[in-house]
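The values are calculated or read from the model by the stated rules, or taken from the named source; none is laboratory data. Quantities reported herein were computed from a predicted structural model and do not represent experimental measurements. Virtual Cβ from ideal backbone geometry, glycine too; neighbours counted across all protein chains shown.
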């Protein structure tokens with residue numbers, strides 16, 4: 001199930017799910033409280049206030065509508081849950097983020113790719129996208145480490161997990177088994193001390209060696225050395241954070 005914390009009262013309440021854990025059943029047009037999940041690994045609130053959840057056991061993305069309206073090309077009723085983007089075929093990690101345009105970005109660890117479900121028509125991460133479409137934006141599906149400084153779709157990833165969209169719209173993700181934090185540039189410019197090209201991929205932290213070192217020094221040269229980098233995020237000032 002998915003639970004929420006009220007910051008004002010400190011009370012915890014269930015936002016979705018029965019807790020029965022029947023594995024990947026989810027729901028489509030039923031009250032969120034009646035839905036079942038197998039393994040919820042990520043949850044975010046989108047710009048419309050809807051709760052978006054990744055259920056890796058069912059390979060689905062589920063949305064709990066905050067209000068009645070049309071979201072992700074579906075009509076939704078407030079309080080009900082809906083499956084969207086089933087073609088994601090999520091395997092394993094399923095990190096989830098919503099960028100500033102309302103697009104959903106998901107790490108597909110089992111397939112070593114990152115995919116985006118477009119909320120609007122436009123060019124994102126170097127690709128022309130149509131609202132409701134699902135597009136790979138990084139990874140060629142094979143595990144490994146390659147591609148820095150080139151098109152993200154030609155890069156090799158190894159179990160990408162946590163992902164976030166930074167204030168510039170770039171996708172920042174944890175390339176877990178490679179012990180690195182990498183960026184897919186949404187536009188051409190200088191980010192994290194590097195010149196980047198729209199749609200290309202770059203390593204911004206970690207040297208691929210498991211361990212801990214590098215505080216106060218540059219990344220990725222002799223920098224972060226995690227056992228496994230599991231998440232990446234940014235604060236309100238645009239500073240990048242990672243963890244395991």
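Does residue 69 count as touching a strand residue (DSSP E or B) at 6+ places or on another chain (Cβ under 7 Å), surrounded by fewer than 16 Cβ atoms within 10 Å (Cβ to Cβ), at pLDDT 90 or above and more than 30 Å from residue 197 (Cβ to Cβ)?
On the way: touching a strand residue (DSSP E or B) at 6+ places or on another chain (Cβ under 7 Å): yes; surrounded by fewer than 16 Cβ atoms within 10 Å (Cβ to Cβ): yes; at pLDDT 90 or above: yes; more than 30 Å from residue 197 (Cβ to Cβ): yes.
Yes.
Residue 210 satisfies every condition listed in (1) outside any loop (DSSP other than H, G, I, E, B); (2) over 20 Å from residue 124 (Cβ atoms); (3) out of contact with any helix residue (DSSP H, G or I) (no Cβ under 8 Å at 6 or more places or on another chain) except (1).
Run down 173, 124 and say which single residue is at pLDDT 90 or above and farther than 30 Å from residue 212 by Cβ.
Working: 173 fails: farther than 30 Å from residue 212 by Cβ.
Criteria check complete, one pass: 124.
Filter the range 56-81 for residues that are assigned to a loop (DSSP other than H, G, I, E, B) and free of Cβ contacts under 8 Å to residues at least 40 places away in the same chain and give the result.
Initial filter on the range 56-81 (assigned to a loop (DSSP other than H, G, I, E, B)): 56-59, 65-68, 72-73, 77-79.
Those that are assigned to a loop (DSSP other than H, G, I, E, B) and free of Cβ contacts under 8 Å to residues at least 40 places away in the same chain: 56, 57, 58, 59, 65, 66, 67, 68, 78.
Given the criteria closer than 21 Å to residue 98 by Cα, free of Cβ contacts under 8 Å to residues at least 24 places away in the same chain, touching a strand residue (DSSP E or B) at 6+ places or on another chain (Cβ under 8 Å) and not in a loop (DSSP other than H, G, I, E, B), does residue 183 qualify? Spell out how you get there, then give the answer.
Details: closer than 21 Å to residue 98 by Cα: yes; free of Cβ contacts under 8 Å to residues at least 24 places away in the same chain: yes; touching a strand residue (DSSP E or B) at 6+ places or on another chain (Cβ under 8 Å): yes; not in a loop (DSSP other than H, G, I, E, B): yes.
Yes.
Conditions (1) buried (at least 19 other Cβ atoms within 10 Å of the Cβ); (2) within 19 Å of residue 44 (Cβ to Cβ); (3) modelled with pLDDT of 95 or more, marked per residue:
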site: 156; (1), (2), (3): no, no, yes
site: 167; (1), (2), (3): no, yes, no
site: 178; (1), (2), (3): yes, no, no
site: 208; (1), (2), (3): no, no, no
site: 214; (1), (2), (3): no, no, no
site: 217; (1), (2), (3): no, no, no
site: 222; (1), (2), (3): no, no, no
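In the range 87-98 there is at least one residue matching the filter, namely being under 21 Å from residue 40 (Cβ atoms), at pLDDT 90 or above and surrounded by fewer than 21 Cβ atoms within 10 Å (Cβ to Cβ). For residue 134, the conditions (1) at pLDDT 90 or above; (2) crowded, with 17+ Cβ neighbours inside 10 Å; (3) touching a strand residue (DSSP E or B) at 6+ places or on another chain (Cβ under 6 Å) all hold with the exception of (1).
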